[in-house]
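Reading through the C-alpha coordinates given below for one structure.
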Amino acid sequence: MTSTQDGSVVIFGSGLIGRSWAMLFASGGFKVKLYDIEQQQITNALENIRKEMKTLEQNGILKGSLSADQQLALISGCTDIKVAVEGAIYIQECTPENLDLKKKVFSQLDLIVDDKVILSSSSSCLLPSKMFVGLKHVKQCIVAHPVNPPYYVPLVELVPHPETDPSTMERTYAIMKKIGQSPVKIKKEIDGFILNRLQYAIISEAWRLVDEGLVSPSDLDIVMSDGLGMRYAFIGPLETMHLNAEGMLDYCNRYSEGMKRVLKTFGPIPDFSGAGLEKVHQEMCARIPVDPAHLAARRQWRDECLMKLAKLKSQMQAE
Ligand code: NAI
(Lines give C-alpha, C1' and ligand atoms only; values in the text may rest on other atoms or scores of the structure.)
Protein backbone atom coordinates (compact mmCIF):
# COMPACT_ATOMS: atom_id res chain seq x y z
CA MET A 1 0.00 0.00 0.00
CA THR A 2 1.43 3.38 -1.00
CA SER A 3 1.71 5.93 1.78
CA THR A 4 3.33 9.34 1.61
CA GLN A 5 7.15 9.31 1.66
CA ASP A 6 9.60 11.36 3.70
CA GLY A 7 11.47 14.09 1.86
CA SER A 8 10.46 15.84 -1.32
CA VAL A 9 11.39 15.37 -4.95
CA VAL A 10 12.14 18.27 -7.29
CA ILE A 11 11.20 18.09 -10.95
CA PHE A 12 13.52 20.62 -12.58
CA GLY A 13 11.78 21.69 -15.82
CA SER A 14 8.03 21.13 -16.20
CA GLY A 15 7.69 20.26 -19.90
CA LEU A 16 6.54 16.97 -21.41
CA ILE A 17 8.87 14.67 -19.47
CA GLY A 18 8.84 16.69 -16.23
CA ARG A 19 5.05 16.36 -16.06
CA SER A 20 5.19 12.61 -16.42
CA TRP A 21 7.86 12.30 -13.73
CA ALA A 22 5.76 14.49 -11.41
CA MET A 23 2.79 12.14 -11.83
CA LEU A 24 4.94 9.07 -11.25
CA PHE A 25 6.55 10.43 -8.07
CA ALA A 26 3.15 11.54 -6.72
CA SER A 27 1.76 8.06 -7.46
CA GLY A 28 4.54 6.68 -5.24
CA GLY A 29 3.53 9.05 -2.43
CA PHE A 30 6.37 11.57 -2.83
CA LYS A 31 5.87 15.28 -2.24
CA VAL A 32 6.77 16.87 -5.60
CA LYS A 33 7.95 20.41 -6.30
CA LEU A 34 7.66 21.34 -9.95
CA TYR A 35 10.32 23.95 -10.76
CA ASP A 36 10.69 25.93 -13.99
CA ILE A 37 12.07 29.28 -15.11
CA GLU A 38 8.71 29.94 -16.81
CA GLN A 39 5.75 30.41 -14.44
CA GLN A 40 3.41 29.69 -17.36
CA GLN A 41 5.00 26.27 -17.91
CA ILE A 42 4.31 25.38 -14.28
CA THR A 43 0.72 26.61 -14.50
CA ASN A 44 0.15 24.61 -17.68
CA ALA A 45 1.83 21.54 -16.19
CA LEU A 46 -0.31 21.60 -13.03
CA GLU A 47 -3.49 21.96 -15.07
CA ASN A 48 -2.45 19.24 -17.49
CA ILE A 49 -1.52 16.86 -14.64
CA ARG A 50 -4.84 17.52 -12.88
CA LYS A 51 -6.85 16.69 -16.03
CA GLU A 52 -4.77 13.63 -16.81
CA MET A 53 -4.94 12.19 -13.29
CA LYS A 54 -8.72 12.66 -13.18
CA THR A 55 -9.11 10.86 -16.53
CA LEU A 56 -6.82 8.04 -15.40
CA GLU A 57 -8.80 7.68 -12.18
CA GLN A 58 -12.13 7.62 -14.04
CA ASN A 59 -10.76 4.87 -16.26
CA GLY A 60 -9.49 2.90 -13.26
CA ILE A 61 -5.86 3.10 -14.35
CA LEU A 62 -4.39 5.71 -12.01
CA LYS A 63 -1.09 4.42 -10.62
CA GLY A 64 -0.46 3.96 -6.89
CA SER A 65 -2.95 3.51 -4.10
CA LEU A 66 -3.64 7.19 -3.39
CA SER A 67 -6.63 8.88 -5.02
CA ALA A 68 -6.15 11.50 -7.75
CA ASP A 69 -6.96 14.26 -5.23
CA GLN A 70 -4.45 12.87 -2.73
CA GLN A 71 -1.77 12.67 -5.44
CA LEU A 72 -2.58 16.15 -6.73
CA ALA A 73 -2.25 17.55 -3.20
CA LEU A 74 1.35 16.28 -3.17
CA ILE A 75 2.36 18.37 -6.21
CA SER A 76 3.13 22.09 -6.03
CA GLY A 77 4.81 24.60 -8.34
CA CYS A 78 7.87 26.70 -7.50
CA THR A 79 9.98 29.28 -9.37
CA ASP A 80 12.52 29.88 -6.60
CA ILE A 81 15.36 27.39 -7.02
CA LYS A 82 16.53 27.61 -3.38
CA VAL A 83 13.03 27.03 -2.04
CA ALA A 84 12.57 24.17 -4.51
CA VAL A 85 15.64 22.20 -3.42
CA GLU A 86 15.19 22.76 0.33
CA GLY A 87 14.54 19.39 2.00
CA ALA A 88 14.79 17.53 -1.32
CA ILE A 89 16.10 13.97 -1.35
CA TYR A 90 16.04 13.67 -5.15
CA ILE A 91 16.16 16.14 -8.06
CA GLN A 92 15.10 15.00 -11.54
CA GLU A 93 16.36 17.47 -14.15
CA CYS A 94 14.11 17.72 -17.24
CA THR A 95 15.36 20.79 -19.13
CA PRO A 96 15.81 20.73 -22.94
CA GLU A 97 18.45 18.41 -24.43
CA ASN A 98 21.29 20.92 -24.69
CA LEU A 99 24.71 20.23 -23.16
CA ASP A 100 25.56 23.85 -22.28
CA LEU A 101 22.18 24.41 -20.67
CA LYS A 102 22.38 21.19 -18.64
CA LYS A 103 25.95 22.00 -17.51
CA LYS A 104 24.73 25.42 -16.38
CA VAL A 105 21.74 23.94 -14.54
CA PHE A 106 23.86 21.36 -12.69
CA SER A 107 26.49 24.00 -11.79
CA GLN A 108 23.68 26.11 -10.30
CA LEU A 109 22.39 23.15 -8.32
CA ASP A 110 25.92 22.17 -7.25
CA LEU A 111 26.21 25.45 -5.33
CA ILE A 112 23.06 25.03 -3.26
CA VAL A 113 22.50 21.31 -2.62
CA ASP A 114 23.57 19.28 0.42
CA ASP A 115 25.82 16.20 0.35
CA LYS A 116 22.96 13.69 0.22
CA VAL A 117 20.45 14.69 -2.45
CA ILE A 118 20.57 12.75 -5.73
CA LEU A 119 21.09 14.92 -8.82
CA SER A 120 19.56 13.03 -11.71
CA SER A 121 19.22 13.99 -15.37
CA SER A 122 16.53 12.79 -17.80
CA SER A 123 18.95 13.25 -20.71
CA SER A 124 18.31 10.93 -23.67
CA CYS A 125 21.83 10.96 -25.04
CA LEU A 126 24.22 13.33 -23.25
CA LEU A 127 27.06 11.50 -21.52
CA PRO A 128 27.36 11.92 -17.73
CA SER A 129 31.12 12.62 -18.09
CA LYS A 130 30.28 15.66 -20.27
CA MET A 131 27.26 16.89 -18.28
CA PHE A 132 28.55 16.56 -14.70
CA VAL A 133 32.12 17.70 -15.42
CA GLY A 134 33.82 19.58 -12.55
CA LEU A 135 30.91 19.35 -10.11
CA LYS A 136 31.66 19.29 -6.37
CA HIS A 137 28.75 16.86 -5.89
CA VAL A 138 29.62 14.57 -8.83
CA LYS A 139 29.35 11.48 -6.57
CA GLN A 140 25.62 12.24 -6.24
CA CYS A 141 25.04 12.65 -9.99
CA ILE A 142 23.47 10.12 -12.35
CA VAL A 143 21.41 9.95 -15.54
CA ALA A 144 17.94 8.40 -15.15
CA HIS A 145 16.76 8.22 -18.76
CA PRO A 146 13.02 7.53 -19.11
CA VAL A 147 11.19 6.34 -22.21
CA ASN A 148 8.36 8.39 -23.66
CA PRO A 149 5.61 8.21 -22.38
CA PRO A 150 7.16 7.35 -18.99
CA TYR A 151 3.78 6.87 -17.29
CA TYR A 152 3.08 3.85 -19.53
CA VAL A 153 6.58 2.68 -20.47
CA PRO A 154 8.37 1.87 -17.21
CA LEU A 155 11.99 1.42 -18.34
CA VAL A 156 14.53 3.85 -16.84
CA GLU A 157 18.19 3.58 -17.85
CA LEU A 158 20.50 4.50 -14.95
CA VAL A 159 23.85 5.72 -16.24
CA PRO A 160 26.66 6.70 -13.86
CA HIS A 161 29.46 9.26 -14.27
CA PRO A 162 32.83 7.51 -13.73
CA GLU A 163 32.90 9.18 -10.27
CA THR A 164 29.29 8.48 -9.30
CA ASP A 165 29.20 6.79 -5.89
CA PRO A 166 27.78 3.26 -6.04
CA SER A 167 25.30 4.29 -3.31
CA THR A 168 23.84 6.91 -5.68
CA MET A 169 23.11 4.15 -8.20
CA GLU A 170 21.56 1.93 -5.50
CA ARG A 171 19.44 4.73 -4.02
CA THR A 172 18.21 5.84 -7.44
CA TYR A 173 17.39 2.24 -8.32
CA ALA A 174 15.37 1.88 -5.09
CA ILE A 175 13.49 5.15 -5.70
CA MET A 176 12.61 4.10 -9.26
CA LYS A 177 11.28 0.78 -7.96
CA LYS A 178 9.26 2.62 -5.32
CA ILE A 179 7.45 4.63 -8.02
CA GLY A 180 6.73 1.50 -10.06
CA GLN A 181 9.33 2.04 -12.80
CA SER A 182 11.63 -0.63 -14.18
CA PRO A 183 15.21 0.59 -13.74
CA VAL A 184 18.28 -1.00 -15.35
CA LYS A 185 21.85 -0.34 -14.22
CA ILE A 186 24.27 0.54 -17.01
CA LYS A 187 27.71 -0.25 -15.64
CA LYS A 188 29.69 2.31 -17.64
CA GLU A 189 28.52 5.20 -19.81
CA ILE A 190 28.30 4.58 -23.54
CA ASP A 191 27.01 6.84 -26.31
CA GLY A 192 23.31 6.16 -26.92
CA PHE A 193 23.09 4.20 -23.64
CA ILE A 194 21.45 0.80 -24.31
CA LEU A 195 17.92 1.50 -25.55
CA ASN A 196 18.94 3.90 -28.29
CA ARG A 197 21.81 1.69 -29.43
CA LEU A 198 19.31 -1.14 -29.95
CA GLN A 199 16.76 1.21 -31.47
CA TYR A 200 19.27 2.71 -33.92
CA ALA A 201 20.43 -0.77 -34.99
CA ILE A 202 16.81 -1.61 -35.85
CA ILE A 203 16.13 1.74 -37.55
CA SER A 204 19.31 1.41 -39.58
CA GLU A 205 18.49 -2.04 -40.99
CA ALA A 206 14.81 -1.07 -41.48
CA TRP A 207 15.91 1.95 -43.51
CA ARG A 208 18.29 -0.08 -45.69
CA LEU A 209 15.63 -2.72 -46.43
CA VAL A 210 13.09 -0.06 -47.46
CA ASP A 211 15.68 1.98 -49.36
CA GLU A 212 16.75 -1.09 -51.35
CA GLY A 213 13.10 -1.70 -52.28
CA LEU A 214 12.91 -5.06 -50.49
CA VAL A 215 9.82 -4.17 -48.48
CA SER A 216 7.37 -1.26 -48.23
CA PRO A 217 7.54 1.07 -45.19
CA SER A 218 4.14 -0.14 -43.95
CA ASP A 219 5.06 -3.82 -44.24
CA LEU A 220 8.35 -3.10 -42.51
CA ASP A 221 6.45 -1.61 -39.55
CA ILE A 222 4.13 -4.63 -39.47
CA VAL A 223 7.17 -6.93 -39.12
CA MET A 224 7.88 -5.16 -35.84
CA SER A 225 4.37 -4.49 -34.52
CA ASP A 226 2.87 -7.89 -35.40
CA GLY A 227 6.08 -9.90 -35.29
CA LEU A 228 9.11 -9.15 -33.16
CA GLY A 229 7.30 -6.59 -30.99
CA MET A 230 4.68 -9.13 -29.87
CA ARG A 231 7.23 -11.16 -27.95
CA TYR A 232 9.60 -8.28 -27.13
CA ALA A 233 6.89 -6.75 -24.93
CA PHE A 234 7.40 -9.74 -22.62
CA ILE A 235 10.83 -11.26 -23.27
CA GLY A 236 14.04 -9.76 -24.63
CA PRO A 237 16.22 -10.99 -27.51
CA LEU A 238 18.46 -13.12 -25.27
CA GLU A 239 15.55 -14.93 -23.62
CA THR A 240 14.04 -15.36 -27.10
CA MET A 241 17.20 -17.23 -28.13
CA HIS A 242 17.08 -19.37 -24.98
CA LEU A 243 13.43 -20.34 -25.56
CA ASN A 244 13.56 -20.81 -29.34
CA ALA A 245 15.77 -23.89 -28.95
CA GLU A 246 16.62 -26.18 -26.05
CA GLY A 247 18.44 -23.35 -24.29
CA MET A 248 21.09 -20.82 -25.33
CA LEU A 249 23.81 -23.34 -26.14
CA ASP A 250 21.52 -25.29 -28.44
CA TYR A 251 20.30 -22.05 -30.11
CA CYS A 252 23.86 -20.91 -30.88
CA ASN A 253 24.79 -24.38 -32.00
CA ARG A 254 21.88 -24.42 -34.45
CA TYR A 255 21.68 -20.82 -35.58
CA SER A 256 24.95 -18.93 -35.04
CA GLU A 257 26.33 -19.70 -38.51
CA GLY A 258 23.11 -18.44 -40.12
CA MET A 259 23.09 -15.33 -37.95
CA LYS A 260 26.71 -14.52 -38.82
CA ARG A 261 26.06 -15.09 -42.54
CA VAL A 262 23.11 -12.66 -42.52
CA LEU A 263 24.88 -10.11 -40.29
CA LYS A 264 27.76 -9.94 -42.79
CA THR A 265 25.29 -8.68 -45.42
CA PHE A 266 24.26 -5.61 -43.38
CA GLY A 267 25.10 -2.41 -45.25
CA PRO A 268 26.68 0.89 -44.23
CA ILE A 269 25.03 3.54 -42.03
CA PRO A 270 22.20 5.15 -44.05
CA ASP A 271 22.21 8.88 -44.76
CA PHE A 272 18.55 9.36 -43.76
CA SER A 273 18.28 12.03 -46.46
CA GLY A 274 17.65 12.57 -50.20
CA ALA A 275 15.35 10.39 -52.31
CA GLY A 276 15.24 7.60 -49.70
CA LEU A 277 13.95 10.00 -47.06
CA GLU A 278 11.41 11.53 -49.47
CA LYS A 279 10.00 8.07 -50.27
CA VAL A 280 9.55 7.05 -46.63
CA HIS A 281 8.20 10.51 -45.78
CA GLN A 282 5.53 10.31 -48.51
CA GLU A 283 4.39 6.86 -47.40
CA MET A 284 4.26 7.83 -43.76
CA CYS A 285 2.24 10.97 -44.56
CA ALA A 286 -0.25 8.87 -46.53
CA ARG A 287 -0.72 6.71 -43.41
CA ILE A 288 -0.61 9.50 -40.81
CA PRO A 289 -0.80 13.08 -42.15
CA VAL A 290 1.70 15.39 -40.44
CA ASP A 291 -0.78 17.91 -39.11
CA PRO A 292 -1.05 18.36 -35.33
CA ALA A 293 -4.55 16.83 -35.11
CA HIS A 294 -3.68 13.56 -36.89
CA LEU A 295 -0.39 13.20 -35.02
CA ALA A 296 -2.07 13.87 -31.66
CA ALA A 297 -4.85 11.36 -32.39
CA ARG A 298 -2.38 8.64 -33.33
CA ARG A 299 -0.23 9.39 -30.25
CA GLN A 300 -3.31 9.13 -28.07
CA TRP A 301 -4.17 5.76 -29.63
CA ARG A 302 -0.57 4.61 -29.05
CA ASP A 303 -0.72 5.69 -25.40
CA GLU A 304 -4.02 3.85 -24.89
CA CYS A 305 -2.48 0.70 -26.38
CA LEU A 306 0.58 1.06 -24.14
CA MET A 307 -1.61 1.59 -21.11
CA LYS A 308 -3.58 -1.59 -21.83
CA LEU A 309 -0.37 -3.48 -22.48
CA ALA A 310 1.06 -2.23 -19.17
CA LYS A 311 -2.06 -3.53 -17.44
CA LEU A 312 -1.73 -6.91 -19.15
CA LYS A 313 1.95 -7.12 -18.23
CA SER A 314 1.25 -6.48 -14.56
CA GLN A 315 -1.53 -9.11 -14.58
CA MET A 316 0.84 -11.61 -16.22
CA GLN A 317 3.57 -10.91 -13.64
CA ALA A 318 1.10 -11.44 -10.80
CA GLU A 319 0.12 -14.90 -12.10
P1 NAI B 1 10.38 20.24 -22.99
O2 NAI B 1 10.91 21.23 -23.95
O3 NAI B 1 8.99 19.74 -23.14
O4 NAI B 1 10.51 20.84 -21.50
C5 NAI B 1 11.64 21.53 -21.03
C6 NAI B 1 11.24 22.40 -19.84
O7 NAI B 1 12.42 22.94 -19.26
C8 NAI B 1 10.35 23.60 -20.24
O9 NAI B 1 9.24 23.66 -19.37
C10 NAI B 1 11.28 24.82 -20.03
O11 NAI B 1 10.57 26.00 -19.62
C12 NAI B 1 12.18 24.30 -18.92
N13 NAI B 1 13.46 25.00 -18.80
C14 NAI B 1 14.23 25.51 -19.79
N15 NAI B 1 15.35 26.06 -19.25
C16 NAI B 1 15.28 25.86 -17.91
C17 NAI B 1 16.13 26.20 -16.83
N18 NAI B 1 17.30 26.84 -17.01
N19 NAI B 1 15.75 25.88 -15.58
C20 NAI B 1 14.56 25.23 -15.38
N21 NAI B 1 13.71 24.89 -16.36
C22 NAI B 1 14.08 25.20 -17.62
O23 NAI B 1 11.43 19.03 -22.99
P24 NAI B 1 11.14 17.47 -22.72
O25 NAI B 1 10.70 16.80 -23.96
O26 NAI B 1 10.33 17.35 -21.49
O27 NAI B 1 12.63 16.92 -22.44
C28 NAI B 1 13.29 17.11 -21.20
C29 NAI B 1 14.46 16.14 -21.10
O30 NAI B 1 13.96 14.81 -21.13
C31 NAI B 1 15.48 16.25 -22.24
O32 NAI B 1 16.78 16.06 -21.72
C33 NAI B 1 15.11 15.10 -23.15
O34 NAI B 1 16.17 14.61 -23.91
C35 NAI B 1 14.67 14.07 -22.12
N36 NAI B 1 13.80 13.03 -22.66
C37 NAI B 1 12.79 13.38 -23.53
C38 NAI B 1 11.99 12.40 -24.10
C39 NAI B 1 10.90 12.78 -25.07
O40 NAI B 1 10.41 11.90 -25.76
N41 NAI B 1 10.49 14.05 -25.12
C42 NAI B 1 12.17 10.96 -23.75
C43 NAI B 1 13.21 10.73 -22.77
C44 NAI B 1 13.99 11.73 -22.26
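The values are calculated or read from the model by the stated rules, or taken from the named source; none is laboratory data. The shown structure was predicted, so the numbers you read here are calculated from the model rather than taken from an experiment. Every residue, glycine as well, gets a Cβ built from its backbone with ideal geometry; the counts of neighbours run over all protein chains shown. Ligands, DNA and RNA are stripped out before the accessible areas are found, and what is left, the full protein with its side chains, is counted by its heavy atoms. Shrake-Rupley method; radii C 1.70, N 1.55, O 1.52, S 1.80 Å.
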What list of ³J(HN,Hα) values in whole Hz, one per residue of segment 145-154 in order, does the Karplus curve 6.51 cos²θ - 1.76 cosθ + 1.60 (θ = phi - 60°) give from phi, with Gly and Pro shown as x?
8, x, 10, 6, x, x, 5, 10, 10, x
Amide H neighbours of residue 93 at under 5 Å, excluding residues fewer than 5 places away on the same chain, with H built from the backbone geometry, are 12, 120, 121, 122
Please list log₁₀ I(q)/I(0) at q = 0.14, 0.16 Å⁻¹ for the chain, using the Debye equation with identical point scatterers on the alpha-carbon positions.
-1.23, -1.42
The ³J(HN,Hα) series, computed from each phi in segment 234-251 with the Karplus coefficients 6.51, -1.76 and 1.60 at θ = phi - 60°, rounded to the nearest Hz and given as x for glycine or proline, is 10, 9, x, x, 6, 5, 4, 4, 4, 8, 7, 8, 8, x, 4, 4, 5, 4
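Within a Cβ distance under 14 Å of residue 9, other residues only, what is the Lys/Arg minus Asp/Glu net charge? It would help to have the intermediate numbers written out before the result.
On the way: positive: 19, 31, 33, 116, 171, 178; negative: 6, 86, 93.
Overall, the nearby charge balance is +3.
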Computed curve, segment 221-309, Cα-only Debye sum without solvent term, log₁₀ I(q)/I(0) at 0.16, 0.18, 0.21 Å⁻¹, is -0.96, -1.04, -1.11
Taking N as the number of residues in segment 108-264, the ratio of its alpha carbon radius of gyration to 2.2 N^0.38 Å works out to 1.30
Tell me the label-point distance for the pair residue 244, residue 187, using the 7 Å Cα-to-Cβ offset, in nm and rounded to one decimal.
2.6
Any idea what angle helix 166-178 forms with the longest principal axis of the chain, computed on alpha-carbon atoms, 0 to 90 degrees, nearest 10?
90
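What FRET efficiency comes out for residue 76 versus residue 112 if R0 is 25 angstrom and r is the Cβ-Cβ distance? Round to the nearest 0.05. Provide the component values of the computation, followed by the final result.
Details: r = 19 Å, r/R0 = 0.75.
Result of the calculation: an efficiency of 0.85.
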Net charge contributed by nearby residues that have their C-beta within less than 11 Å of residue 156 (K/R +1, D/E -1)
+1
In whole Hz, with x marking every Gly and Pro, tabulate ³J(HN,Hα) for segment 76-90 from phi via Karplus 6.51 cos²θ - 1.76 cosθ + 1.60, θ = phi - 60°.
9, x, 7, 10, 9, 4, 5, 5, 4, 7, 4, x, 7, 9, 7
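Ignoring ligands, DNA and RNA, what accessible area per residue does the chain give at 1.4 Å, in Å²? Could you put the intermediate results ahead of the total?
Working: 18060 Å² over 319 residues.
Here the residues of the chain average 57 Å² of exposed surface.
In whole percent, and with a 1.4 Å probe on the protein chains, what portion of the accessible area of the chain is carbon and sulfur? Spell out each step's value before the answer.
Numbers: 10340 of 18060 Å².
Of the solvent-accessible surface of the chain, carbon and sulfur hold 57 percent.
So for each of 30-36, 301-307, 284-290, 121-127 I average, over its residues, the number of other beta carbons within 10 Å; can you give me the resulting order with the highest mean first? Don't skip to the answer; put the middle values down first.
Values: 30-36: 23.9, 301-307: 13.4, 284-290: 11.4, 121-127: 19.6.
For the peptides 30-36, 301-307, 284-290, 121-127, the packing ranking is 30-36, 121-127, 301-307, 284-290.
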Once the other residues with Cβ under 13 Å from the Cβ of residue 31 are scored (Lys, Arg +1; Asp, Glu -1), what is the net sum?
-1
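Which order do peptides 57-68, 74-85, 265-276 fall in by mean Cβ count within 10 Å, highest first? Walk me through the intermediate numbers first.
Working: 57-68: 15.0, 74-85: 16.7, 265-276: 10.5.
Output ranking for 57-68, 74-85, 265-276: 74-85, 57-68, 265-276.
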Consider just the alpha-carbon atoms of segment 8-185 and return their Rg together with their Dmax, both in angstrom.
15.1, 48
Residue 260 versus residue 285: modelled label distance in nm, points set 7 Å from Cα along the beta carbon direction
4.6
Tell me which residues come under 5 Å, amide H to amide H, from residue 32 once H is placed; ignore anything under 5 positions away on its chain.
9, 75, 76
Quick check for you: which residues of segment 168-207 have the amide N under 19 Å from the point 7 Å beyond the Cα of residue 275 toward its beta carbon?
207
